[in-house]
């Protein structure tokens, strides 16, 4: 516990004294001008420590990005020996979250390993898998882990006693762009739960199926960790990029969006792609990579 507290103090101190990248800040401020909704952005070059903050400490809905914290809670229980990563679970029809999830197509009594449920939660953003794991781990347990690791506002809201009002306002989870990036950085640096647990999480988060937004603007041969979130009025994405000139992490969260269409050209998704492309070419100015002609037809995931 003392070690984790020291890590938090060091990270917090570093964040407080991080140097603002004024040039990049100006570019991002220009990129979000005219957006019909609320936008929060946090960017950090993990090599230099330089940052950009635009409403970075403002509360936003997480939507499915909260699944990264569910993953952390799961790994913490496994690390403590209270669960096993390869243990068998028995699916029940009562677990079904209506939608098009893979796990929701299972039959009552089917078995599946925790490892595969966790992978479905992160990679496919399977809601049935996510709610199952939240139930097994415990929503309050996940929130306690977040609190103990220095997260001031990121929390699971759904099915948590005492959080009904904030659940009504923000949905499943609540966070800030800064705290999303901090969680990703902890995982990348091997400091979330344990080095081994962090490595497992890195691998899961590098296998994202929903790669049609921010990830689509980063070369496919570059390793990324990411998680996306989407509800009608809020679209978001957090990505950590293992770029040639140094890792960088960014979180873009929108809310109260006027354009609530579930189409590839909705205003928030277009903004997320725009900012991701801007960041890639800012940090890798000699890169001439761009999405191949005709990629649009291979990005129709729904």
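The values are calculated or read from the model by the stated rules, or taken from the named source; none is laboratory data. Bear in mind the structure is a predicted one, so any value in this text is a computation, not a measurement. Please note: Cβ atoms are built from the backbone with ideal geometry, for glycine as well, and neighbour counts cover all protein chains shown.
One table, with the values for the structure above:
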{"quantity": "Among residues of the range 173-209, those that are in contact with a strand residue (DSSP E or B) (Cβ under 7 Å, 6 or more places away or on another chain), surrounded by 20 or more Cβ atoms within 10 Å (Cβ to Cβ) and not in a helix (DSSP H, G or I), counted", "calculated": "5"}
{"quantity": "Only listed residue being surrounded by fewer than 21 Cβ atoms within 10 Å (Cβ to Cβ) and in contact (Cβ under 8 Å) with a residue 12 or more places away in the chain, chosen from 89, 133", "calculated": "89"}
{"quantity": "Residues within the range 146-157 that are farther than 18 Å from residue 181 by Cβ and surrounded by 15 or more Cβ atoms within 10 Å (Cβ to Cβ), tallied", "calculated": "2"}
{"quantity": "Residue within the range 239-250 that is touching a residue at least 12 places away in the same chain (Cβ under 8 Å), outside any helix (DSSP H, G or I) and exposed (fewer than 13 other Cβ atoms within 10 Å of the Cβ) present", "calculated": "yes"}
{"quantity": "Residue check for residue 59: in contact with a strand residue (DSSP E or B) (Cβ under 8 Å, 6 or more places away or on another chain) and farther than 24 Å from residue 247 by Cα", "calculated": "yes"}
{"quantity": "Filter result for residue 288 (more than 19 Å from the chain's Cα centre (by Cα), modelled with pLDDT of 95 or more, crowded, with 17+ Cβ neighbours inside 10 Å and in a loop (DSSP other than H, G, I, E, B))", "calculated": "no"}
{"quantity": "Filter result (in contact with a helix residue (DSSP H, G or I) (Cβ under 9 Å, 6 or more places away or on another chain) and either part of a loop (DSSP other than H, G, I, E, B) or over 17 Å from residue 273 (Cβ atoms) (or both)) within the range 29-39", "calculated": "35, 36, 37"}
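Residues are listed down the side, and each one gets a yes or a no for (1) under 17 Å from residue 60 (Cα atoms); (2) part of a loop (DSSP other than H, G, I, E, B); (3) more than 17 Å from the chain's Cα centre (by Cα):
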site	(1), (2), (3)
219	no, yes, yes
235	yes, no, no
254	yes, no, no
257	yes, yes, yes
279	no, no, yes
282	no, no, yes
